[in-house]
Amino acid sequence: MEHEEDEEPPLAIQIQGNDEFIYQKSSVGVTLITGYLGAGKSTLVNHILNSQHGKRIAVILNEFGEEIGVERAMINEGDKGALVEEWVELANGCICCTVKHSLVQALEQLVQRKERLDHILLETTGLANPAPLASVLWLDEQLESEVKLDSIVTVVDAKNLRFQLDEHRDSSSFPEAYFQIAFADIIILNKVDLVSAESSGALEKLEEEIHNINSLAEIIHSVRCQVDLSRILNRQAYDTARATHLETLLEESRSLSTKKLHDSGVRTICISGTQMIDLDKTRIWLEEILWEKKYDMDVYRCKGVLSVQNSDQLHTLQAVRELYEIVPSRKWEKEEKRINKIVFIGHNLKEDILINSFRDCAAV
C-alpha cells in the first residue's frame with residue numbers, strides 16, 4: 001500500500017514568554033532537509049521531533065514559497081517583518097517554529113535562546129533548489145560563526161523517483177529532483193519496501209541513477225523515514241578544515257566520474273593530477289568557471305583536495321554555485337603521495353576542457 005505523507009504536526013505546547021538569552025559557546029550545525037512533495041520530509045521531521053534521542057534540536061518549518069523568493073526570505077526585516085509565528089516546545093526537549101520571511105533573523109533568535117541547542121533542522125518546503133539557502137548558511141557574514149551548514153539531506157521517494165527524473169523529457173527546464181539530488185550530501189531513499197517487493201535489483205538501479213547525478217552522496221535506505229539520527233546529523237560536510245571525510249569520499253574505489261543520465265547532461269566529473277598547483281592560478285581558473293561560466297558549464301557543487309606549491313599543507317576545496325573556499329587542512333604525510341583531485345557536479349560539464357584547463361594551473 002502506498003505510504004501517505006504525514007502532514008500532521010507533532011503534539012506540542014506553546015513556550016511561555018522568556019526574555020533570557022545567552023549566546024551559544026560554539027557554532028550550531030544546521031541541516032537542510034529537501035525533497036519532492038510526498039517523498040517523506042514531514043515524516044522525517046516528525047520522526048526526529050517525536051524520538052527520544054536526548055538531543056535538543058530546533059526545527060524550522062519555513063514558508064518560503066517561490067512567489068516570495070529566497071532574496072526576500074534572507075532579508076532582516078526588523079520588527080515590522082512577520083518573523084516567527086510561534087515557538088513550541090515538545091515533550092522530548094525539541095523546539096519547533098514556522099518562519100515566513102527572515103531566516104537569518106530566526107536563526108539569530110534561536111542561537112541566543114537560554115537553552116543550549118544541539119542542532120537545527122530547516123525543512124525547505126516550497127524551494128525547489130536548496131543552493132541559495134546553503135550559500136547563506138555556509139558563508140554568511142551576518143550569522144558569523146553562530147551557526148554553520150552541516151549538510152544537505154534530500155528525501156526521495158523510491159517508488160516515484162524514476163518518474164520524477166523523467167519529467168524533463170517534455171520540458172526545457174530540469175525537474176526539482178535533479179537539483180535536490182545534485183546538491184545533496186546525504187540522500188534518504190524512502191519507501192524502499194514498496195520497490196523491493198516489486199522486483200529484484202530495482203533498488204540497485206535506483207542507486208545507480210542517483211550516483212549518476214551525484215556520485216559523492218551517501219544513500220540511506222528507509223521505510224517511513226525511520227533513520228538513525230547519527231547518520232544525518234553532525235556530518236560536518238562543509239567543514240573545509242576537516243579533511244578526513246572529504247578525503248575518504250575522494251579515495252573511494254568506485255569511479256567518481258559518471259556518464260550522462262539519459263539526455264539531461266547532469267552528472268559528476270572527477271579530474272586528478274600529480275603536479276603541484278599555483279594557488280593564484282587555481283583561484284582564477286575556478287572563478288572563470290563558477291562566476292564567468294567561461295566554458296558554458298553550470299557547476300552545482302565542487303569538492304577537492306589540492307597539492308599547493310610551497311606548502312606542506314593539504315588544501316581542501318569546496319564550492320556551492322558561485323561561492324567557493326580553499327583552505328589548508330592538515331600536513332601531508334612524508335610517505336604520502338601528493339595529488340590533486342577535484343569533483344564537479346553539474347550540468348553540461350565538459351571533461352576534456354576541465355582536464356586541459358586545470359593543467360594550466362600547474363606551478364612553473
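Every number here is computed from the coordinates shown, using simple stated rules; none is lab data. Quantities reported herein were computed from a predicted structural model and do not represent experimental measurements. Cβ atoms come from the backbone with ideal geometry, glycine included; neighbour counts cover every protein chain shown.
All C-alpha pair distances within the range 265-308, sorted into 5 Å bins from zero, spread as 5, 18, 25, 29, 18, 5, 0 percent across the bins.
Shown in residue order for the range 180-190 are the 3J(HN,Hα) couplings computed by the Karplus curve 6.51 cos²θ - 1.76 cosθ + 1.60 at θ = phi - 60°: 5, 6, 4, 8, 6, 8, 10, 10, 8, 8, 8 Hz (x for Gly and Pro).
Considering only Cα-Cα distances, which of the following residue pairs are longer than 31 Å: LYS281/LYS334; LYS293/LYS341; LYS205/LYS334; LYS41/LYS148; LYS294/LYS334; LYS148/LYS281? Cα-Cα > 31 Å for LYS205/LYS334; LYS294/LYS334; rest within. Site pair GLN313 and ASN348 shows an inter-label distance of 3.6 nm when each label is modelled 7 Å from Cα along Cα→Cβ. Taking amide H as placed 1.01 Å from N in the peptide plane, the amide H of GLY35 sits under 5 Å from that of VAL155, each at least 5 places away or on another chain. Between ARG330 and SER51, what FRET efficiency follows from the Cβ-Cβ distance if R0 is 45 Å, with the result rounded to 0.05? Taking R0 as 45 Å, the efficiency between ARG330 and SER51 is 0.80.
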